[in-house]
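Scroll down for the structure; my scribbles are underneath it.
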Amino acid sequence: HARKVSFVNFNPVCSDLIGSASFDNSVQVWNMLKSETISKCNLAEYPTSMGWNNNGSLIACTSKDKHIYVFDPRANNIIVKVKGHDSPKTMKMTWIDENKIISTGFNKSNTREMKLWDIRKVKEDLTIESCLQTHTIDHQSSIPTPYFDKDIKMLYIFGRGEGNTHYYDLG
């Protein structure tokens, strides 16, 4: 990368692959054994979160331009580009299975919310018509960060400096 790296995640299936996101507005997949880039995805703005899906075939990231990108490193192209939340505040995301993403962010009135997306419902222009579900979290001001525990199917959402954690059973 040409600028600061903000995220590094190991592939959940292949131990030799890592994904990295940087302030040079790119996401790259690296072969750690050969120290080389396998594929690269350029974004419009810098990424604010990044993660592999459960089977390690796709990388999703949110960006400062209020979009969620899903990148296929094998084909080296973006397969989904959808507008996430309405507020210019930072969005975060996590995978909940091979095809579904939970994003957290803010709506127009700065209320924290989460949205469920299914990447199988992609139109020809690489967008998704609408999210499957939107849920209002609360009216706090910190950026909501999601964490999904795939073993017990629990979604945890927390914010920096908060004294509480929201949790949802997705089983």
Query raised in the report: If we keep just the residues of the stretch 1-36 that are touching a Ser or Thr at 6+ places or on another chain (Cβ under 7 Å), assigned to a loop (DSSP other than H, G, I, E, B) and closer than 22 Å to LYS66 by Cβ, which is modelled with the highest pLDDT?
Result: PHE23
Query raised in the report: Which of the residues that make up the stretch 131-171 are among the small types (Gly, Ala, Ser) and touching a strand residue (DSSP E or B) at 6+ places or on another chain (Cβ under 9 Å)?
Result: SER141, SER142, GLY159, GLY171
**Report entry** All positions within the stretch 115-139 that are within 16 Å of the chain's Cα centre (by Cα), in contact (Cβ under 8 Å) with a residue 40 or more places away in the chain and surrounded by 16 or more Cβ atoms within 10 Å (Cβ to Cβ)
**Finding:** TRP117, ILE119, ILE128
**Report entry** Residues being surrounded by fewer than 13 Cβ atoms within 10 Å (Cβ to Cβ), in contact (Cβ under 8 Å) with a residue 12 or more places away in the chain and part of a loop (DSSP other than H, G, I, E, B) - total across the stretch 143-171
**Finding:** 4
Report task. Please verify whether the stretch 53-63 includes one or more residues that are more than 19 Å from SER6 (Cα to Cα), open to solvent by 30 Å² or more (accessible area, probe 1.4 Å), touching a Ser or Thr at 6+ places or on another chain (Cβ under 7 Å) and free of Cβ contacts under 8 Å to residues at least 60 places away in the same chain. Result -> no
Report task. Restrict the check to the stretch 31-40 and report whether at least one residue is of a type outside the set (A, V, I, L, M), open to solvent by less than 30 Å² (accessible area, probe 1.4 Å), closer than 17 Å to VAL80 by Cα and in contact with an Asp or Glu (Cβ under 9 Å, 6 or more places away or on another chain). Result -> yes
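Conditions tested, residue by residue: (1) over 16 Å from the mean Cα position of the chain (by Cα); (2) more than 18 Å from ILE96 (Cβ to Cβ).
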| residue | (1), (2) |
| --- | --- |
| LYS4 | yes, yes |
| ASN9 | no, no |
| ILE38 | yes, yes |
| PRO47 | no, yes |
Query raised in the report: Any idea how many residues of the stretch 126-142 are under 16 Å from TYR168 (Cα atoms) and β-branched (Val, Ile, Thr)?
Result: 3
Report task. Determine whether HIS67 is of a type outside the set (Val, Ile, Thr) and either in contact with a Cys (Cβ under 8 Å, 6 or more places away or on another chain) or open to solvent by less than 30 Å² (accessible area, probe 1.4 Å) (or both). Result -> no
Query raised in the report: Filtering the stretch 88-110 down to residues that are in contact with an Asp or Glu (Cβ under 8 Å, 6 or more places away or on another chain) and open to solvent by 10 Å² or more (accessible area, probe 1.4 Å), which residue is farthest from LYS66 (Cα to Cα)?
Result: ASN99
Query raised in the report: In the stretch 75-85, how many are surrounded by fewer than 19 Cβ atoms within 10 Å (Cβ to Cβ) and closer than 21 Å to ARG160 by Cα?
Result: 0
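The values are calculated or read from the model by the stated rules, or taken from the named source; none is laboratory data. Keep in mind the model is a prediction, meaning the values are calculated, not measured. Backbone-built Cβ (ideal geometry, glycine too); neighbour counts: all protein chains shown. For the accessible areas, the whole protein counts, side chains as well, though only heavy atoms, and no ligand, DNA or RNA atoms are used. Shrake-Rupley method; radii C 1.70, N 1.55, O 1.52, S 1.80 Å.
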